[in-house]
1. Can you work out which of the residues in segment 240-254 that are more than 22 Å from the chain's Cα centre (by Cα) and under 21 Å from residue 103 (Cβ atoms) is surrounded by the fewest Cβ atoms within 10 Å (Cβ to Cβ)?
2. Listed residues 95, 46, 57, 32; which is among the basic types (Lys, Arg) and under 38 Å from the mean Cα position of the chain (by Cα)?
3. Can you name the condition, by its number, that residue 127 falls short on among (1) surrounded by 20 or more Cβ atoms within 10 Å (Cβ to Cβ); (2) more than 18 Å from residue 163 (Cα to Cα); (3) touching a Pro at 6+ places or on another chain (Cβ under 6 Å)?
4. With respect to residue 80, is the statement that it is surrounded by fewer than 14 Cβ atoms within 10 Å (Cβ to Cβ), out of contact with any Ser or Thr (no Cβ under 7 Å at 6 or more places or on another chain) and either of a type in the set (S, T, N, Q) or closer than 30 Å to residue 298 by Cβ (or both) true?
5. Would you call residue 115 part of a helix (DSSP H, G or I) and either under 28 Å from residue 251 (Cα atoms) or within 11 Å of the chain's Cα centre (by Cα) (or both)?
6. Looking at residue 227, is it closer than 27 Å to residue 302 by Cβ and either touching a Phe, Trp or Tyr at 6+ places or on another chain (Cβ under 8 Å) or among the aliphatic types (A, V, I, L, M) (or both)?
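Every read-out reported here was derived from the displayed coordinates using simple, explicitly stated rules and does not represent laboratory data. Keep in mind that what you see is a predicted model, and the values were worked out from it rather than measured. Methodologically, a virtual Cβ is constructed for each residue, glycine included, from the backbone with ideal geometry; neighbour enumeration extends over all protein chains shown.
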Amino acid sequence: MLRTDLRLEWLVSFLGVVDTGSFSAAAEVIHRSQGRVSMHVAALEREAGVPLFDRDRRPVRLTDAGVVFADHARAILRQLAGAEAAMAGYRGAARGVVTLGSYPSASVAFVSQLLERMARTRPAIKVILVERSTLELDAALAAGEVDICLRPMAPPPGPSVESRPLWWEGLIVVHPPDHPLAELPEPLPLAEVAGHPLITIGRLGSPEAMGFETYRAFSERGLEPNAVQATNQPQTLISLVRSGLGIGVTNLLAVATTDTDGVVARRLDVPCGRRVAVHWSTTAPLTPPARTLLREIEASDVPAGTRRLGERGPVPRPGAGRLVAG
């Protein structure tokens with residue numbers, strides 16, 4: 001039976017044999033004698049109650065039980081490495097470089113203040129900002145191009161990603177002042193909005209676009225949006241609406257952080273909205289600078305007009321008529 005007093009160095013020796021294919025090679029790699037490696041593996045097999053290696057084959061092969069145990073052993077050592085990385089940040093002021101991924105409206109409404117505060121209170125940490133669209137942030141995180149990223153929670157991120165929710169923001173309709181929707185009271189009914197050419201976020205015709213909040217809002221009401229154009233840049237969306245190509249539906253911060261002259265921004269009558277979270281990969285431990293940045297993000301005030309996720313209370317009302325950045 002595996003007990004809690006099992007020694008971690010047994011796992012190191014065991015995985016050394018797994019990775020090198022022999023006891024002698026493992027001993028050289030992990031800087032232990034071959035006899036000690038053999039002793040550690042034997043002790044581990046006694047505790048497990050089953051053979052972990054087929055020693056009749058060369059190179060040695062894992063048994064079926066050994067394959068399963070190897071996954072658990074790696075997970076245990078990864079957790080230990082993560083704990084060490086977390087504690088390193090408390091032993092002294094974290095220093096180094098951390099890369100933060102973000103998308104345009106979050107960068108304007110949240111990241112600019114965050115970076116100013118980090119530069120002032122954590123001068124030993126250099127934060128590099130990388131801006132991408134939502135789906136491009138997933139690829140950047142998976143490739144290690146960014147350490148942490150801010151992105152909407154929809155569409156869901158890829159595998160091996162952990163997240164902590166930050167804020168909720170409503171969906172907003174943008175239309176010219178003389179548009180027929182101007183005759184309707186706020187919040188605007190979704191069924192009325194669905195009858196007009198629509199400009200939204202994402203990439204027009206992309207299967208992934210169906211996961212964005214705008215499309216989900218229509219889908220949940222059994223409506224099919226008449227999407228005619230899409231963009232990931234808030235100011236481009238406003239310009240397209242201003243040019244008369246359609247009405248826009250997007251998140252509150254995308255409107256609040258842009259020049260809305262010549263258009264009107266009004267609340268959409270849907271319970272769903274955009275939920276934003278901070279995300280990071282679980283394939284490797286976060287560095288001390290990255291963990292420091294993560295704590296700063298979680299401790300920061302949410303942008304004006306949004307609501308911190310987890311809080312109760314009425315949804316913030318952005319105000320009637322044209323929205324202005326808060």
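1. 240
2. So the residue among 95, 46, 57, 32 that is among the basic types (Lys, Arg) and under 38 Å from the mean Cα position of the chain (by Cα) is 95.
3. Evaluating residue 127 over (1) surrounded by 20 or more Cβ atoms within 10 Å (Cβ to Cβ); (2) more than 18 Å from residue 163 (Cα to Cα); (3) touching a Pro at 6+ places or on another chain (Cβ under 6 Å) leaves (3) as the failure.
4. Yes: the conditions hold for residue 80.
5. For residue 115, the condition - part of a helix (DSSP H, G or I) and either under 28 Å from residue 251 (Cα atoms) or within 11 Å of the chain's Cα centre (by Cα) (or both) - is met.
6. No, not satisfied.
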